[in-house]
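The values are calculated or read from the model by the stated rules, or taken from the named source; none is laboratory data. All of these numbers come straight from a predicted model, not from anything done at the bench. Here the Cβ is made from the backbone with ideal geometry for all residues, glycine too, and neighbour counts use every protein chain on show. The protein model used for the area step is the full one, side chains on, heavy atoms only, and it has no ligands, DNA or RNA in it. Shrake-Rupley method; radii C 1.70, N 1.55, O 1.52, S 1.80 Å.
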Amino acid sequence: FKMCPGRVLCKLLCSGEKEVDLAVQSAKAAFQIWSQMSGMERSRVLLEAARIIREQREEIATLETVNNGKSIFEARVDIDISWQCLEYYAGLAGSLAGEHIQLPGGSFGYTRREPLGVCVGIGAWNYPFQIACWKSAPALACGNAMVFKPSPFTPVSVVRLAEIFTEAGVPKGLFNVVQGGAATGQFLCHHPDVAKISFTGSVPTGIKIMEMASKGIKPVTLELGGKSPLIIFSDCALENAVNGALMANFLTQGEVCCNGTRVFVERKILDVFTKEVVKRTQKIKVGDPLLEDTRMGALINRPHLDRVQGFIKQAKEQGAEVLCGGDLYVPDDPKLKNGYYMRPCVLGNCTDDMTCVKEEIFGPVMSILPFDTEEEVVERANNTKFGLAGGVFTRDIQKAHRVVAALKAGMCFINNYNISPVELPFGGYKASGFGRENGRAAIEYYSQLKTVCVEMGDVESVF
């Protein structure tokens, strides 16, 4: 693989209504086989898929870097999380069960946890391979089939995942990939044989998917955007808080939905914190993402780079101060000169009413805001339509738990940020969506309960 920034990597045909129907029918046929297998049988297949991913980690990580532009260092972490996700749900597959309930007179009832059928996964371009695993692992563990549509900006690595599932032994067609944009997504959402839709992406698209799914009364999981608060108290471990702020803003070129981009800093440490964050941000190595020491690669495409640049320009017009970065970066390597690179940006002198503080930028832009009291910062932190994540840095553990309890967000971090183990549920409040990925919670969103009531005596009629 070679980095070819600004140039076409490959061309794929968009899946039309006919191709979508073929994929769904193929998945439906495979579902009849897969759903009748025991949890332990499904577990063994998922474990084999995890083993293949682990064994091919370097190759898949390189493919993902070329696919997305993130650093190879980060891509390896994504691939590790992916195989861990498959292993986790392989471990749960054999334990999925209902319960037995004793009723009067020797009668009883029981529940069965049953799969939904053909589930649709629609992925985002920031974590293409990992999101596909986050959606497919619990779906397949529960006995479902899946048709997955990656973002048209990152179509490549998910195809490799489909090949791996086939190599691992899933029935042919159990995990199908279709390619395309909004039209392909519409065909999937409207298809009568689709039982459930799981979407990761923007709020406007999430609204459209929810509307389409409602026509067929299909359950949806929505993991949408965020404008998450990161609260730095003066009693924090400063170096740890600075590390957290960098992790909360600059992973994957800042293209992370749960990033803590509103960094609230207690006024008494504002200057020292800001100075250290700027110093560290200026040292971030930008450039060829396939180089081992690169920590920030290229943004996803030119329109998105222009959009991020527009946010910075508007922030300056509204009174924010660019403390570092924000400008385009042109690497020394002539092969990379057309890449979509920019220097990570820190904005100071920010206020809550600025566009850069209210709207999701989805790029490497951190906004720093001072605060004075705990009550004040909690109120300001919650003053947003989003509710995906939030973070707190403090040595006072009582205050930490008190603040995260008050935050209206689905994923909260104490003295860390952007740590998402597959064992823990992930998802948002408010406009950031609903439903959960990862953890045992995801099982609820890929299965349904059937109740069976058994009478052991004669039926007493009231007629």
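Some observations on this one:
- Number of residues in segment 150-201 that are among the charged types (D, E, K, R) and touching a Cys at 6+ places or on another chain (Cβ under 6 Å) equals 1.
- Helices (runs of 4 or more DSSP H) contained in segment 237-343 and holding at least 1 residues among the charged types (D, E, K, R), surrounded by 21 or more Cβ atoms within 10 Å (Cβ to Cβ) and in contact (Cβ under 8 Å) with a residue 40 or more places away in the chain: none
- Complete set of residues in segment 322-370 that are under 14 Å from residue 311 (Cα atoms) and β-branched (Val, Ile, Thr): 322, 346, 355, 357, 361, 365
- Criterion (of a type outside the set (Lys, Arg) and surrounded by 15 or more Cβ atoms within 10 Å (Cβ to Cβ)) met by exactly one of 16, 94: 94
- Taken over segment 349-367, the residue count meeting the criterion of being assigned to a loop (DSSP other than H, G, I, E, B), over 29 Å from residue 221 (Cβ atoms) and open to solvent by less than 40 Å² (accessible area, probe 1.4 Å) is 2.
Yes/no per residue for (1) in the same structural domain as residue 210 (by the TED database); (2) modelled with pLDDT under 95; (3) open to solvent by 90 Å² or more (accessible area, probe 1.4 Å):
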position	(1), (2), (3)
395	no, no, yes
399	no, no, no
423	no, no, yes
433	yes, no, no
438	yes, no, no
447	yes, no, no
459	no, yes, yes
462	no, yes, yes
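- The set of residues in segment 184-235 being over 22 Å from the mean Cα position of the chain (by Cα) and open to solvent by 10 Å² or more (accessible area, probe 1.4 Å) consists of 187, 190, 191, 192, 193, 214, 215, 216, 217, 234, 235.
- Matching residues, segment 19-60, being crowded, with 22+ Cβ neighbours inside 10 Å and under 15 Å from residue 78 (Cα atoms): 50, 53, 60
- Condition check for residue 101: assigned by the TED database to the domain that holds residue 437, within 21 Å of residue 10 (Cβ to Cβ) and modelled with pLDDT of 95 or more: no
- Residue ranges of helices (runs of 4 or more DSSP H) in segment 1-103 with at least 3 members of a type outside the set (Lys, Arg), touching a residue at least 60 places away in the same chain (Cβ under 8 Å) and more than 24 Å from residue 117 (Cα to Cα): 57-68, 72-93
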